[in-house]
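Structure, as structure tokens:
The values are calculated or read from the model by the stated rules, or taken from the named source; none is laboratory data. Everything quoted here is computed from the prediction, not taken from an experiment. Note that each Cβ is placed from the backbone with ideal geometry, even for glycine, and that neighbours are counted across all protein chains shown. Surface areas here come from the heavy atoms of the whole protein model, side chains and all, with no ligands, DNA or RNA. Shrake-Rupley method; radii C 1.70, N 1.55, O 1.52, S 1.80 Å.
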Amino acid sequence: MHELRIEENGNLGPIDSSRIPRFAGAATYARLPRLDQVERADVKVVGVPFDAGVSYRPGARFGANHVREASRLLRPYNPALDASPFANAQVADAGDMAVNPFNIHEAIETIQQNALDLTADGARLLSIGGDHTIALPLLRAASERAGGPVALLHFDAHLDTWDTYFGAEYTHGTPFRRAFEEGILDTDALSHVGTRGPLYGKRDLEDDRRFGFGIVTSSDVYYQGVRETVAKLRDRIGTRPLYISVDIDVLDPAHAPGTGTPEAGGITSRELLEILRGLRGANIVGADVVEVSPAYDHAEITGVAASHVAYDLVTLMSELPTARSGREDAARTTAGAQ
Ligand SMILES: N=C(N)NCCCC(=O)O
Ligand SMILES: [Zn+2]
Ligand SMILES: [Zn+2]
């Protein structure tokens with residue numbers, strides 16, 4: 001069937017849901033074009049179907065397609081930010097990475113390489129689905145593209161700076177300790193937001209502090225509110241290249257039941273979206289939304305939350321300069337000078 005798409009500023013947007021029912025057809029993120037349907041893209045959304053790093057409930061390998069399905073109701077104008085992300089920039093769905101489910105080391109290599117390939121043209125990358133293990137190769141790629149260590153804003157119930165599980169170094173509870181050890185994190189600008197729940201011992205927090213992390217716990221968000229939280233984060237991040245990692249279990253299980261390691265007492269989806277919106281203008285070089293496990297979801301609650309988180313991230317990324325807009329600006333300046 002012919003796809004009737006919204007087109008603005010020369011950017012090919014979503015299938016028009018007022019002319020083709022939004023529940024029809026195969027799902028791409030926000031009904032956006034696939035990457036092979038556009039000449040180039042400023043922001044790419046890619047799925048990472050991998051969950052071989054989990055310590056409890058499995059299923060995040062199915063997260064990306066669940067988020068795509070739940071994203072059919074998104075509309076092209078974002079009133080909270082007075083922005084039209086798909087008109088601002090060419091956004092496209094790059095499909096799923098072909099990740100080896102039987103070999104974690106190979107999977108990590110593949111994710112890193114795919115992320116580098118997808119950003120070779122200066123595009124910004126948002127990854128959806130997968131367990132939190134994947135943040136390590138995505139951070140490696142982001143720091144390579146940024147030309148050095150990156151700031152990290154990590155939304156999660158968990159620290160994910162643990163050392164090993166069953167002797168395994170690469171798991172969903174350990175990506176940020178590995179990233180710290182590899183020197184790809186800017187240790188002056190590392191924050192966890194939304195952490196809560198029991199730890200293995202006090203040592204977990206001591207190690208985490210030693211790596212440079214500041215913590216805004218779930219309770220801190222409750223007591224301080226969104227505004228103070230945003231002010232603190234912005235102060236810490238400044239203009240540094242920033243990677244944002246969103247583990248959907250940062251939300252209370254009432255807002256995101258479909259996840260592998262749920263913890264009571266989480267922030268609300270409203271709080272998370274408002275904090276993200278407060279980061280407008282920050283130099284986001286890459287982002288992920290991970291740990292969506294559809295088998296534990298109900299009525300797409302988690303999928304809807306994740307698709308909206310991704311939507312605000314895409315909106316923020318769509319407003320940032322890309323290699324292409326940089327070239328266009330340069331071309332305009334040159335033309336204007338003649
Ligand atoms: N990254 C997530 N979602 N969870 C980590 C939990 C690790 C543990 O089982 O202690
Ligand atoms: Zn978590
Ligand atoms: Zn996590």
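For this structure, a couple of remarks:
- Helical segments meeting 27 Å axial Cα length and Kyte-Doolittle -0.5 threshold in the chain (DSSP H): none
- The range 39-186 shape via C-alpha gyration tensor axes, a/c threshold 1.5: prolate
- In the range 17-68, the chymotrypsin sites (Phe, Trp or Tyr not before Pro) that fall in loop regions by DSSP, at most 14 other Cβ within 10 Å: Phe23, Tyr56
- Percent breakdown of C-alpha pair distances by 20 Å bin, ordered from the shortest bin, for the chain: 33, 59, 8, 0
- Nearest-0.05 FRET efficiency for Val38 and Leu205, computed from C-beta distance (R0 41 Å): 0.35
- Carbon/sulfur fraction of accessible area - the range 130-257, other protein chains in place, 1.4 Å, %: 50 percent
- A simple count of charges around Gly130, restricted to other residues whose Cβ falls under 9 Å of its Cβ and scoring Lys, Arg +1 and Asp, Glu -1, yields -3.
- Val230 sits among other residues whose Cβ lies under 12 Å from its own Cβ, and their net charge, with Lys and Arg +1 and Asp and Glu -1, is +2.
- Once the 1.4 Å probe is applied to the protein heavy atoms, the chain comes out at 42 Å² accessible per residue.
- Surface/4 estimate of mean projected area, convex hull on alpha-carbon atoms of the range 179-338, nm²: 11.8 nm²
- The range 1-112: relative contact order as a whole-number percent, Cα under 8 Å and 6+ apart: 34 percent
- A simple count of charges around Ile275, restricted to other residues whose Cβ falls under 15 Å of its Cβ and scoring Lys, Arg +1 and Asp, Glu -1, yields -2.
- Summary value for the chain: 21 percent relative contact order, contacts being C-alpha pairs under 8 angstrom separated by 6+ residues.
- Ranked by the mean number of other Cβ atoms within 10 Å per residue, highest first, peptides 10-18, 272-280 order as 272-280, 10-18.
- At an R0 of 22 angstrom, the distance between the Cβ atoms of Ala120 and Thr239 translates into a FRET efficiency of 0.40.
- Sorting the segments 282-292, 32-42, 306-316, 257-267 by their residues' average number of neighbouring beta-carbon atoms within 10 angstrom, most packed first, yields 282-292, 306-316, 257-267, 32-42.
- Peptide ranges 134-147, 172-185 listed from the most packed, as the mean C-beta count within 10 angstrom indicates: 134-147, 172-185
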